[in-house]
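These notes are about the structure you will find just below.
The values are calculated or read from the model by the stated rules, or taken from the named source; none is laboratory data. Predicted, not measured: the structure shown is a model, and the values here were computed from it. Cβ coordinates were reconstructed from backbone atoms using ideal geometry, including for glycine residues, and neighbour counts include every protein chain displayed.
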Amino acid sequence: MTMSESGGTYIDNFPAEARVVRSALYSSFLALALGGLFGIIQTLHRTDIYRFIESDMYYTVLTAHGVFLVVTFTIFFLVGVFTWAVTTSLDRGVEDIRFTWLWYGLMTIGTVMAAAAILAGFTDSIDMSADVLFTFYAPLQAHWLFYLGLVVFVVGTWLAGADWFRSWWAWKQENPDERIPLPTFMVLTTMLMWYIATIGIAVSILVFLLPWSLGIIDSVNPTLTRTLFWFWGHPVVYFWLLPAYMMWYVMLPKISGGKLFSDPLARVVFILFLLLSTPVGIHHQYLDPGIAEGFKFIAMTNTMFLLLPSLLTAFTVVASMEHGARQRGGTGYFGWLKALPWRDPVFAGMALAGLMFAAGGFSGMINAGMNINYLVHNTLWVPGHFHLTVGTASALTFMAATYWLLPQLTGKALWNRSVALVQVVLWFLGMTFMSNSMHRAGLLGIPRRTAEPQYQGFEFEAGVGSVAELDFQLALGGALLAISIVLFLANVVGTAFNGRSDDLPANEFAETLSGPEDSPQVLDNLKLWTAIAVVLVILAYSFPLMSIVDRGGLYGPDISPFPVSIETLSLLAFTLEQYTTAAIATTGEFVQTTLTGVIR
Amino acid sequence: MRVSKEALLIILAFIAPIIVELRTVLAWANIELTVLESVVLGLAIVALVLVWAFFPEDESSSETPERQLSNGD
Amino acid sequence: MKIHTYEKLWLGAAMVLIVALIATITYGAVGLGISMVDDEEETIDPDALDEDDRFNDPRVEHVGENEYEAYVVARTFMYQPDPIEVPANSEVTFYVTSTDVIHSFSVVGTNINTMVIPGEVSSMTAEFDEPGEYGVVCNEYCGSGHHTMEGQLHVVPEDEFDMTELEVEGDDEVAEDDEVTLNVSVENGMLDDLETTIEAEIGEETFEEDVTVEGDSTYETTITVDAADLGEGDHDWSVTVDDYEDSGTVTVVDDLEDDGGDDDE
Ligand code: HEM
Ligand SMILES: [Cu+2]
Ligand SMILES: [Cu+2]
């Protein structure tokens with residue numbers, strides 16, 4: 001496996017890149033700090049334990065919480081860690097550091113624009129607001145600065161991807177016969193997925209919402225912009241998760257004291273994500289009128305197949321940990337668990353994150369079930385679910401990885417490892433309380449995104465316990481999480497103020513038990529996979545989008561420049577049924593053949 | 001100490017979800033606990049674990065129930 | 001490519017799980033016929049709901065034996081009608097639309113839960129076997145008052161349920177040489193005939209009329225009494241049909257030019 005031969009820390013080998021990565025991470029942590037602050041305000045407000053803002057301002061807070069955490073925090077971390085991964089695994093710096101700063105700058109400017117629009121909602125003296133939550137469903141309208149900020153931010157991420165592709169192309173010139181190193185492979189496939197996915201919001205914002213907020217067009221089709229949002233909105237969850245997966249694959253085995261179980265399988269997993277992440281977005285719209293049940297069904301089947309790469313990841317990660325534990329002298333059926341380096345916050349954090357992700361996976365399967373979804377859709381169950389996925393699997397893995405990355409990026413030892421361990425455990429504990437109570441409150445029908453879920457005309461009835469207890473649990477969990485964030489930030493700041501240290505480990509990632517030479521060359525054929533991914537997206541989305549435009553008009557019911565008659569459409573719909581069934585069959589078969597191909 | 005401080009921390013963390021939902025699980029078995037009772041029960045479990053962890057039974061036992069606990073989750 | 005046996009087993013198990021999940025859901029949709037909100041309904045102009053005969057008057061309608069349809073309008077930040085009243089032992093189809101932004105119509109504790117998108121009509125059918133009271137919440141953020149958006153769904157015992165509407169128009173002021181008239185209309189929204197009695201009282205005078213109001217129709221009648229019989233002054237009147245009552249006061253005056261005193265209905 002290619003690895004830095006020099007054996008130094010990252011900052012020794014790539015001082016210029018280390019600065020960019022550090023900046024990206026610090027931006028990310030600033031967003032985490034703000035998001036966490038808003039999180040605890042929300043928690044106390046909606047449980048009616050402590051309210052100090054007006055309830056209509058709750059939605060400004062919630063918008064900020066959502067946008068800062070799932071756009072700014074996660075994606076800034078991603079670009080940082082991906083830059084680390086590409087440069088480390090190709091063992092070469094970026095091609096032009098000015099270009100790297102350019103995309104970092106664009107992302108920052110975009111964030112500042114969107115943040116300004118959101119935070120202006122706190123004061124009446126500025127005539128600007130964006131209380132539209134991170135989903136910005138029209139006809140709710142934000143100030144144009146919000147939409148423009150998002151565009152600039154996304155363009156920044158596109159350029160970041162271009163930067164990494166550029167590194168890879170340059171590397172390929174010099175190493176024509178080598179396989180793509182695994183971390184770079186993961187970065188590239190993730191970015192390909194991102195390019196496809198962002199078409200959704202790019203169109204939604206540039207063609208509809210931005211002109212609409214500027215008054216250039218009068219109306220939009222709410223179902224259309226909503227569908228375009230989820231075209232991006234589901235794959236974006238993998239954009240949050242895949243950097244965490246990458247750390248589980250390339251870092252966790254090493255920290256556990258062993259090697260990655262299988263490089264080929266890791267590649268298969270990322271290819272599956274590239275293929276299946278996007279043609280599933282309609283599963284967020286099971287309850288939407290105006291979308292045929294058939295389309296929902298297709299999204300559901302694709303979603304279920306999307307479980308596969310996550311299940312494979314679970315296997316590989318656990319198997320790699322076991323391998324590590326046995327290298328460290330662990331024995332027994334379960335006894336090996338004890339030999340794992342639990343006192344290492346990097347390991348403990350990632351392992352706890354993985355465990356919580358398993359729980360999140362279960363509630364996700366419930367969400368994905370078209371019918372059961374009716375019971376939980378838009379209840380507090382849903383935030384309960386995604387605080388386990390993005391809020392823990394991603395966030396906690398990022399924090400744990402930081403404990404390893406930060407010394408690499410600064411050349412300074414971590415300020416305090418014990419605090420770090422307490423921090424990750426506290427996150428686990430806090431999330432247990434918060435997510436558990438959210439799931440249960442959701443089953444009682446308590447809605448999400450609601451400042452005061454206490455109603456005049458009726459009360460929610462708890463089977464066991466009471467709503468008050470669930471509220472208390474939610475607040476307790478939220479408080480522990482907030483403390484955990486404070487400890488994390490203290491460690492980041494403490495480390496920044498540390499002196500340089502000489503005895504840091506070298507910048508390396510996990511070796512593999514079964515390397516890329518064991519896998520078919522076709523896995524590295526990115527063009528092929530991209531083409532298939534695009535075809536799947538076209539199959540899954542072209543007919544729903546056409547039907548939505550036909551029903552509601554391209555720019556809303558008033559202006560309908562899409563003169564497709566109903567008859568043609570139902571004919572199309574019929575053809576579609578045929579196509580999609582075929583598509584499902586092919587996907588299934590395809591998955592099967594790839595897998596058997598891989599297995600052989 | 002039977003386990004390291006860090007391991008104890010992790011064990012306690014793994015017990016937390018069990019304690020949190022013990023009451024619901026017991027309710028399925030028609031055992032209804034009040035909040036106070038379940039808090040007391042939870043504390044008792046934690047106390048038991050602490051006693052187990054701190055009372056030295058020599059250095060001999062490394063095959064301790066720690067595993068079952070971390071897997072019971 | 002080397003693949004561990006356990007890995008193959010896991011892979012197999014994962015595929016089985018996935019296929020089983022899909023099969024269960026397909027069975028739920030096809031076998032059990034659990035239907036979803038879909039594109040069955042025609043689109044609607046959200047700015048012209050008052051021109052639509054379903055939504056210009058949000059209401060519950062009786063459409064067949066034990067079958068009802070509820071036309072519900074969601075708007076910032078309320079539902080119409082509120083409460084929605086249906087009888088127990090009935091099958092109710094809800095048609096919900098929005099006049100402004102996206103809302104939801106979510107009956108707490110049930111799987112009646114749908115997005116309500118302007119321009120679209122969500123329809124879903126539910127069976128109510130037992131009487132009960134349910135809360136309705138909006139669980140899709142719809143603006144600053146989102147948390148105040150709630151309604152109620154009352155499932156009343158079958159024998160207490162009717163769709164009778166009583167309306168009475170009476171004169172405010174009548175000259176002594178004229179007649180006092182009450183125009184009574186009894187609307188029966190149910191499809192079955194309504195056998196009932198109209199009872200009226202004007203001053204000391206009482207009237208009673210047994211009527212049969214045919215299904216989905218309105219019965220109209222006029223009750224008259226000579227003002228002279230009542231005499232000069234204020235006279236209270238009331239009309240009752242089953243549990244419904246309408247009442248008012250009529251003033252009999254000597255001469256219409258006179259100041260009529262208070263003229264509430
Ligand atoms: C101190 C830690 C945190 C607390 C106390 C907290 C609390 C909450 C609460 C109570 C809600 C539900 C609000 C509602 O629906 O009315 C919420 C929503 C949300 N949280 Fe967190 N959270 C925390 C951390 C995080 C993290 C780390 C992430 C992701 C990386 C995250 C992502 C979200 C998202 C995306 C929403 C949904 C926003 C929306 O509905 O528009 N949260 N949070
Ligand atoms: Cu999704
Ligand atoms: Cu609402």
task: Inspect all residues belonging to region A:518-537 and state whether any of them is at pLDDT below 85, in a helix (DSSP H, G or I) and surrounded by fewer than 21 Cβ atoms within 10 Å (Cβ to Cβ).
output: yes
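Out of C:GLU91, C:GLU69, which single residue is under 14 Å from C:GLY189 (Cβ atoms) and either buried (at least 17 other Cβ atoms within 10 Å of the Cβ) or more than 16 Å from ligand 3 (Cβ to nearest atom) (or both)?
Just a single option satisfies the conditions, and that option is C:GLU69.
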field: Lone qualifier among A:ALA475, A:ALA451 - being hydrophobic (A, V, I, L, M, F, W, C), more than 10 Å from every other protein chain (Cβ to nearest Cβ) and either buried (at least 24 other Cβ atoms within 10 Å of the Cβ) or in contact with a helix residue (DSSP H, G or I) (Cβ under 9 Å, 6 or more places away or on another chain) (or both)
entry: A:ALA475
field: Residues (surrounded by 13 or more Cβ atoms within 10 Å (Cβ to Cβ) and in a loop (DSSP other than H, G, I, E, B)) located in region B:5-52
entry: B:LEU33
field: Answer from A:VAL250, A:VAL207, A:VAL187 - the residue that is of a type in the set (Val, Ile, Thr), over 21 Å from the mean Cα position of the chain (by Cα) and away from ligand 1 (no atom under 16 Å from the Cβ)
entry: A:VAL207
query: Which one of these does C:ALA29 not meet: (1) closer than 30 Å to C:ASP162 by Cα; (2) facing another protein chain (nearest Cβ under 7 Å); (3) free of Cβ contacts under 8 Å to residues at least 40 places away in the same chain?
result: (1)
message: Taking the conditions exactly as written (over 30 Å from A:MET546 (Cα atoms), hydroxyl-bearing (Ser, Thr, Tyr) and more than 16 Å from ligand 3 (Cβ to nearest atom)), does A:SER262 satisfy them or not?
response: yes
Criterion (of a type outside the set (Lys, Arg) and crowded, with 19+ Cβ neighbours inside 10 Å) met by exactly one of A:ALA24, A:ALA16: A:ALA24
message: Just to verify a result, which residue in region A:271-294, among those that are crowded, with 24+ Cβ neighbours inside 10 Å and within 7 Å of another protein chain (Cβ to nearest Cβ), is nearest to the chain's Cα centre (by Cα)?
response: A:TYR286
- prompt: Across region A:214-240, what is the total count of residues that are surrounded by fewer than 23 Cβ atoms within 10 Å (Cβ to Cβ) and either among the β-branched types (Val, Ile, Thr) or away from ligand 2 (no atom under 11 Å from the Cβ) (or both)?
  reply: 7
- line: If we keep only residues of region C:136-165 that are assigned to a strand (DSSP E or B) and over 15 Å from the mean Cα position of the chain (by Cα), then the residue farthest from ligand 1 (Cβ to nearest atom) is C:GLU150
statement: A:GLY391 meets each of (1) of a type outside the set (Phe, Trp, Tyr); (2) touching a residue at least 40 places away in the same chain (Cβ under 8 Å); (3) more than 16 Å from ligand 2 (Cβ to nearest atom) with one exception, condition (3)
- request: Restrict the check to region A:87-94 and report whether at least one residue is part of a helix (DSSP H, G or I) and of a type in the set (Val, Ile, Thr).
  value: yes
statement: Reported set for region A:213-249 where residues are touching a strand residue (DSSP E or B) at 6+ places or on another chain (Cβ under 7 Å) and under 30 Å from A:ALA510 (Cα atoms) is A:TYR249
- prompt: Does A:LEU421 meet the test of being of a type in the set (A, V, I, L, M, F, W, C), touching an Asp or Glu at 6+ places or on another chain (Cβ under 8 Å) and away from chain C (no Cβ under 14 Å)?
  reply: yes
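The rows are residues; the columns are (1) aliphatic (A, V, I, L, M); (2) more than 22 Å from A:VAL220 (Cα to Cα); (3) in the same structural domain as C:CYS142 (by TED's automatic domain parsing); (4) within 16 Å of ligand 1 (Cβ to nearest atom).
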{"residue": "C:MET36", "(1), (2), (3), (4)": "yes, yes, no, no"}
{"residue": "C:GLU41", "(1), (2), (3), (4)": "no, no, no, no"}
{"residue": "C:VAL60", "(1), (2), (3), (4)": "yes, yes, yes, no"}
{"residue": "C:VAL63", "(1), (2), (3), (4)": "yes, yes, yes, no"}
{"residue": "C:GLU67", "(1), (2), (3), (4)": "no, yes, yes, no"}
{"residue": "C:TYR71", "(1), (2), (3), (4)": "no, yes, yes, no"}
{"residue": "C:ARG75", "(1), (2), (3), (4)": "no, no, yes, no"}
{"residue": "C:MET78", "(1), (2), (3), (4)": "yes, yes, yes, no"}
- prompt: Of the conditions (1) within 14 Å of chain C (Cβ to nearest Cβ); (2) of a type in the set (A, V, I, L, M); (3) buried (at least 24 other Cβ atoms within 10 Å of the Cβ), A:ALA462 fails just one. Which one is it?
  reply: (3)
- prompt: So which of A:ALA299, A:ALA339, A:ALA319, A:ALA325 ends up being small (Gly, Ala, Ser), within 14 Å of chain B (Cβ to nearest Cβ) and closer than 30 Å to A:VAL187 by Cβ?
  reply: A:ALA325
- prompt: Does A:VAL419 meet the test of being aliphatic (A, V, I, L, M), in contact (Cβ under 8 Å) with a residue 24 or more places away in the chain and under 30 Å from A:ILE298 (Cβ atoms)?
  reply: no
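Of the residues A:LEU44, A:LEU62, A:LEU30, only one is over 30 Å from A:ASP503 (Cα atoms) and either within 16 Å of ligand 2 (Cβ to nearest atom) or surrounded by fewer than 24 Cβ atoms within 10 Å (Cβ to Cβ) (or both); which?
Numbers: A:LEU62 fails: either within 16 Å of ligand 2 (Cβ to nearest atom) or surrounded by fewer than 24 Cβ atoms within 10 Å (Cβ to Cβ) (or both); A:LEU30 fails: over 30 Å from A:ASP503 (Cα atoms).
Being over 30 Å from A:ASP503 (Cα atoms) and either within 16 Å of ligand 2 (Cβ to nearest atom) or surrounded by fewer than 24 Cβ atoms within 10 Å (Cβ to Cβ) (or both) holds for just one of A:LEU44, A:LEU62, A:LEU30, which is A:LEU44.
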field: Failed item, numbered, when A:LEU106 is tested on (1) within 21 Å of A:TRP240 (Cα to Cα); (2) crowded, with 22+ Cβ neighbours inside 10 Å
entry: (2)
query: When residues of region C:127-166 are filtered for being hydrophobic (A, V, I, L, M, F, W, C) and within 11 Å of another protein chain (Cβ to nearest Cβ), how many remain?
result: 6
- line: Taking region C:119-135 and keeping only residues that are part of a strand (DSSP E or B) and away from ligand 3 (no atom under 16 Å from the Cβ), one is left with C:SER123, C:MET124, C:THR125, C:ALA126, C:GLU127, C:PHE128, C:GLY132, C:GLU133, C:TYR134
